[in-house]
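Below: one structure, written as structure tokens.
A short reminder: the numbers here are calculations on the coordinates, not readings from a lab. Just so it is clear, the model here is predicted, and its values are computed rather than measured. Positions of Cβ are generated from backbone atoms using ideal geometry, with glycine treated the same way; all protein chains shown enter the neighbour counts.
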Amino acid sequence: MEILLIGILLLAGLVFGTLGSRYFGVPRVVGYILLGMLFAPDLLGGALGVDTTDWTRPMVSVALGIIAYLVGGSATIGQIRRLGWTIAAATVGKVAGAFLAVFMVFGLLGAAVPGIPGWTFAVVLAAIATTTAPAAIVAIIHQYRAAGPLTTALLGMVALDDALGLVIFSLVLALVGAAGLSEALPGVVWEIAAALAIGGIAGWVVERLVRRLHEHELRLVALIGGIILLTGLAEAWHFSELLAAMAFGFAARFFGGAHSERLFEPVEQLEELVFVLFFTFAGLHFDLGVVVEYAWLILLYFLLRAGGQVLGSMVGARLAKAPPEITRNVGLGMLPQGGVAIGMALLLAGQERFAQSAELIVNIVTASTLLTESIGAVAARYGLRRAGETDRTLGGGVDEGR
Amino acid sequence: MKAGNWLEGHPRRGVTVAATDSLSAAAQALLDEPESRDVYVLDEAGRVCGHLGFRRLAGILLAHLRPSHSRRQLIERITPGTVGEYMDERVLCVRPEERISDVFHQHMERRVEDIAVIDDDRRLLGVIRVRDLLRAALAE
């Protein structure tokens, strides 16, 4: 019955999300998550004979692999160089600020408050906190016709920070659960080095293969086949599936040259499908009892992540000597959290080493996503207005380097 | 029909730019030839070394009009480079002795509408416009 449920989730999720967006002005993800909640195992899902959510894990692995591939191939080395210090420093500051704020406070809470999982919980949640939802921010920039240095910085940062977030999350997963650093080191080195090497080789091989394929459909088969093969190999040989998929994307882009549309465009068309799956699956895991009991933790996570990244990006931008309209506002534009964070949280569900904390993490991330999607839009609009960058594109100008 | 024979009856000069030109310059070159949809990039020796289509150029230069971007498009929007950084280096070209029906499918799959005809030294002899092929087919 799981296949039936997936079909219902996709179609009904699309209808819910679209109607919610059109008639109530809420982001589509809200509709996706609400629909998923309706079909949780203890509600309509149970009536369909779906009693667990364990079956979602292989799909989440592949789907997150697709996103990691796209993130890995999002920029060439030349483009990264051209982004400039302001974007690089503000991104690193934002990621570090969110990570440190969530890790330190939740780590201390775990040590001090009974019933809250310990440092493992804190470090995984902190890694998830580093990601942002580019789609929400781009939509705001488009809606308010924003242009200028702050807008450019935000566009660069949202494109980059998920890459950092995925790397941190992969490193955290490699380290978590090890008894001691000296004992864990060979395994961690293998997990990272093998992922980079095998992902890199896969990128080269698939890029060579795609050169010979002129049909869009055949290229999609090659690319998705590569991602699924890597995910399977990662599980069998115990290396990081996310780092491997990112290395795959980066190598494909590197060997494919600047004009790499054929390597990414077919997969990019699947991105919304992946996010509908993530959000509806997150709804399946949603537990109202957990959310009510830990509402203060959700609010705390939201505040720490927001405060950490506002402060971190401000410090980063200031170190890069960015103008005041960037340093004062850049963190406000980065609040929305979305599919990548939810995908990471879902990846933990069903893993034995996260048995105590996975459901709590999924619920914290899902609930805070609902918060950030609405409050984040307001904050981004405020930041763009304060910087004087709204209503700047009237549709006439060419956006070359603005 | 062979590409060389078609070109004799329908001589069309392709739009060309240098790899070091800006994307705006490439777009302007295309706009100056309203019937053209593809720009071919020439190296210093005048050989064809790359291709850019109108849709691709417009997609980059008008990115601010789109409500959603992939991460790749986000980076492209804020780091504009030269034509050489965006062109497709693996250009689909036709030799004069090749049959149009043998290469047409590949060009359609790659969304190329001005099919480049080149000599053995990769110099551009002209382009076969899909628009002209369609016009001829309708006239038959």
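Here are a few things to note about the model shown:
- Relative contact order (%) - segment A:1-69, alpha-carbon pairs under 8 angstrom, separation at least six: 25
- For the segment A:153-161, counting C-beta atoms of other chains within 10 Å of every residue's C-beta and taking the mean gives 4.
- Here chain B is assigned +1 on the Cβ of each Lys and Arg and -1 on the Cβ of each Asp and Glu. Its dipole about the Cα centre then comes out at about 580 debye.
- Magnitude of the charge dipole, chain A, Cβ model with Lys/Arg +1 and Asp/Glu -1, debye to 20: 1460
- Over chain B: Kirkwood hydrodynamic radius from C-alpha pairwise inverse distances, Å: 15.7
- Exposed trypsin sites (Lys or Arg not before Pro) absent - longest run of chain B, DSSP non-H/G/I/E/B, at most 16 other C-beta within 10 Å: B:14-89
- Mean separation of Cα contacts under 8 Å (6+ apart) over length of chain A, as relative contact order %: 29
- For segment B:46-140: relative contact order, % (alpha-carbon pairs under 8 angstrom, 6 or more apart): 29
- The mean number of Cβ atoms from other chains found within 10 Å of a Cβ in peptide A:135-148 is 2, as a whole number.
- The mean count of C-beta atoms from other chains within 10 Å of the C-beta of residues in B:59-69, rounded to a whole number, is 6.
- Chain A: most fluctuating residue of A:Ala341, A:Ala135, A:Ala282 per GNM, C-alpha cutoff 10 Å: A:Ala135
- In this structure, the amide hydrogen of B:Val94, modeled 1.01 Å from its nitrogen in the peptide plane, lies closer than 5 angstrom to those of B:Ala116, B:Val117, B:Ile118, counting only residues at least 5 positions away or on a different chain.
- GNM flexibility winner over chain B from B:Leu124, B:Leu74, B:Leu61 (Cα, springs under 10 Å): B:Leu74
- Sum of side-chain charges, B:Arg47 neighbourhood, beta-carbon under 11 Å (Lys, Arg +1; Asp, Glu -1): -3
- Cα-Cα separations in segment B:68-140 greater than 21 Å, expressed as whole percent: 43
- Segment A:206-281: translational diffusion in µm²/s, Stokes-Einstein, Kirkwood Rh over Cα pairs, 4 °C, 1.567 mPa s: 98
- In this label model, B:Arg111 and A:Leu4 are separated by 4.1 nm, measuring between points 7 Å along each Cα→Cβ vector.
- For chain A, the mean residue ellipticity at 222 nm estimated from helices alone is -25000 deg cm²/dmol, where every DSSP H run of n ≥ 4 contributes -39500 (n - 2.57) and the total is divided by all residues, rounded to the nearest 500.
- Across the protein assembly as shown, Cα-Cα pairs more than 34 Å apart make up 43 percent of the total.
- Span-rule helices in chain A, defined as complete DSSP H runs reaching 20 Å or more along the axis (Cα) with Kyte mean at least 0.5: A:2-24, A:56-72, A:85-112, A:149-175, A:181-211, A:216-237, A:241-256, A:271-285, A:295-319, A:358-386
- With the simple spin-label model, which puts each label point 7 Å out from Cα in the Cβ direction, the A:Ile375 to B:Ala139 separation comes to 6.8 nm.
- When the Gaussian network model of chain A links Cα atoms closer than 10 Å, the mean-square fluctuations of A:Leu303, A:Leu70, A:Leu150 top out at A:Leu303.
- Selection from B:Thr79, A:Ile364, A:Val105, by position along the positive dipole direction of the protein assembly as shown (Cβ): B:Thr79
- Karplus-derived 3J(HN,Hα), 6.51/-1.76/1.60, for each residue of segment B:112-121, Hz, glycine and proline x: 9, 10, 10, 7, 6, 10, 10, 8, 5, 9
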